Amino acid sequence: MANVLVFTELHDGHVKPVTLEILGKLAGQSTDVALIGDISAEQIAILAKNGAQNVHKLKGANLDKYSPEGYANALAEFIKSKNYDYVFGGATSMGKDLLPRLSTKFQAGLASDVVNFTMDGGVFAGTRPLFAGKCLAKVELTGPKPHFVSIRPNALGMTPNPTAGAGAASDVNANAGEIRAAIKEIIKATSTKVDLTEANIIVTGGRAMKNAENFKILNDLADVIGATVGASRAAVDSGFAPHAMQVGQTGKTVAPSLYIACGVSGAIQHLAGMRTSKVIVAINTDPDAPIFTKADYGIVGDLFTIVPILTEEFKKLLGR
Amino acid sequence: MNIFVCVKQVPDTETKIIPTSDGSFIETASIKWIMNPYDEYAVEQALLIKTTIPEANVTVVRVGSVKDTEALRTAMAMGADEASHVAAGDNLDSYSIAKALKGAIEKTGRKPDIILAGKQAIDDDCLQVPQILAEMFNLPSVSVIVGFEMNGTTVKVKREVEGGALEVYEIATPVVLACNKGLNTPRYASLPGIMKAKKKPLAQLSLADVGVTDADRRVKYSGFKLPPEKPAGKKFDATDAAKQKDVVAQVVGLLRTEAKVL
């Protein structure tokens, strides 16, 4: 059995879903949770139900906002005061930025963007995609402890932990240390949708969308089914959509439950970024488009007529 | 001002990846190598800084196989002044690569003011090296930047986070910055640039020269394999306008009853 710390980010006072995915998968280990700031008793109860023994709330000056140095300093000091074999976190925007710096404070290794793992005998062995998911490899850690692991959101799935933890909450005096790179300002995104990497449903437009305005029909569909809208590299490079929306090898790798590709031909680099989606629907006028080789349900037809019908059918089905 | 740009050489995005028979890595013999696409934004940003500070030196640094030096020659053809290449395998882990980059930068004898890199290499997709390098140098860092301004010794950068929101940072140099698509539009190397690049200095180093050994490895990979193929799905013809509504209704029905995703 290993001593494991799971670092959780908070979003509007809630722990991120990836934290619960990790906790469920760590069943059988001795697992604590650390977070920066404060959370409600209700959230602590959720962590306890999923196996958290202790919930450490790190509090201190200059930790109200994320900074790579402040968070890394505070967490490193706390982790040094304990005896953890492993530190897990989500491969989110923050996790990807923070965990490499934090692990290096221990001259330790980080297995990043892991999509599955085992803890046989308290030893981590993971699987992670490389080359944007064109292949998979086994990943193991060596060298000084603790070892660090970041987990891709939506990859493990929610497996309930059969053993609840005590969920003993405590405040920890944390020290942010010197912060040279601090956030001066946050420019909010125009979209309020969940990020592509965490979305449960994604609707993506390709080159066949022809222009940015036509994405409206995808937005209409997305609104009905609660989806986030993405774009292929061809659509982004043609200026139809910003890079933040790009799915594929030079964009985001996604793994939603449902992926609807509209007018996307299915270049190798695009398929690499979305192939682990659980169910794939493709709409394309070309019956030989490569996207159909990955689609569970392919519709050969013009997206400009099919998508509005799809929106209407979903409305009927979902009663919206 | 000393600007360093870390670049990696990776398989072209259209490459079909084939694991080796023993699963220890991938077949590399027939791969077309390119500069990691995100590193192009880092090189371009360095060159943009150099246009406003002409005395700035731009050195590109790469750790990786010796099969060809495409990435470094491309960067110098774009306008970088010189390059360092640390010869190593193509499957080093992030910690070893960062340590080797640090060693190579120190070997130049120049203190870095700005270190630029792509936010991720599209081969191992780890997103670790720039942040590890920053910590090893004890420097601040900002990753996934899509905006850059410079005023004297202060840089103002925009970092893209989930959902497309932007965090704005103001930092005094020295600093490590990891660049994302959207930061700038990388230039193409001109023909005179390509000719000039051939005469620019390219330092050749070994891992031993930069103090990296097998003991620096932190992440071990094995069992490279292709992901499981999905069985063929169902395809419906909706080219006939009269059938479209029925076909779509059928697919929506299947999404609920068969795929159970709604």
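Just so it is clear, none of the values below were taken in a lab; they were calculated from the coordinates. No experiment lies behind these values; they were computed from the predicted model shown. Methodologically, a virtual Cβ is constructed for each residue, glycine included, from the backbone with ideal geometry; neighbour enumeration extends over all protein chains shown.
Here are the numbers for this structure:
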quantity: Antiparallel bridge percentage (DSSP; both residues within the protein assembly as shown; nearest 5); calculated: 30
quantity: Selection of chymotrypsin sites (Phe, Trp or Tyr not before Pro), the stretch B:131-192, meeting DSSP coil and at most 14 other Cβ within 10 Å; calculated: B:TYR188
quantity: B:ALA232/B:ILE18 FRET efficiency (R0 22 Å; Cβ-Cβ; nearest 0.05); calculated: 0.50
quantity: Charge dipole magnitude, Cβ of K and R +1, D and E -1 - chain B, Cα centre, debye nearest 20; calculated: 220
quantity: Size of electric dipole in chain A: Cβ of Lys, Arg +1 and of Asp, Glu -1, about Cα centre, debye, nearest 20; calculated: 360
quantity: Antiparallel bridge percentage (DSSP; both residues within the stretch B:1-67; nearest 5); calculated: 40
quantity: Whole-Hz couplings from phi, Karplus 6.51/-1.76/1.60, listed for the stretch B:157-168; x for Gly and Pro; calculated: 10, 10, 9, 8, 10, 3, x, x, 5, 10, 9, 9
quantity: Stretch gain in nm, segment A:LYS316-A:ASN175, where the contour uses 0.36 nm per residue and the Cα spacing is subtracted; calculated: 45.3 nm
quantity: Trypsin sites (Lys or Arg not before Pro), loop per DSSP, at most 13 other Cβ atoms within 10 Å - longest free stretch of chain B; calculated: B:68-197
quantity: For A:HIS147, residues with placed amide H under 5 Å, excluding near neighbours; calculated: A:TYR86, A:VAL87
quantity: GluC sites (Glu not before Pro) restricted to the stretch A:171-274 and DSSP loop, no more than 10 other C-beta within 10 Å; calculated: A:GLU178, A:GLU213
quantity: Pairs of alpha carbons in the stretch A:196-318 whose separation is greater than 16 Å (percent); calculated: 54
quantity: GluC sites (Glu not before Pro) within the stretch B:157-262: DSSP coil, no more than 10 neighbouring Cβ in 10 Å; calculated: B:GLU229
quantity: Hz values of 3J(HN,Hα) by residue in the stretch A:85-92 - Karplus curve (6.51, -1.76, 1.60), Gly and Pro given as x; calculated: 7, 9, 10, 10, x, x, 7, 9
quantity: Neighbour-count ranking [beta-carbon atoms within 10 angstrom, fewest first] of B:PHE25, A:PHE215; calculated: B:PHE25, A:PHE215
quantity: Degrees separating the helix B:37-52 axis from the principal Cα axis of chain B, which is the longest one; calculated: 40
quantity: Per-residue HN-Hα couplings for the stretch A:242-254 [Karplus 6.51, -1.76, 1.60; θ = phi - 60°; Hz; x = Gly/Pro]; calculated: x, 4, 4, 8, 6, 9, x, 5, 9, x, 9, 9, 10
quantity: Between 0 and 90°, nearest 10: helix B:244-257 axis offset from chain B longest Cα axis; calculated: 80
quantity: Cross-link reach list, aspartates and glutamates versus A:LYS184, counting only Cα pairs under 19 Å and skipping chain neighbours closer than eight places; calculated: A:ASP64, A:GLU69, A:ASP97, B:GLU149, B:GLU160, B:GLU162, B:GLU167, B:GLU170
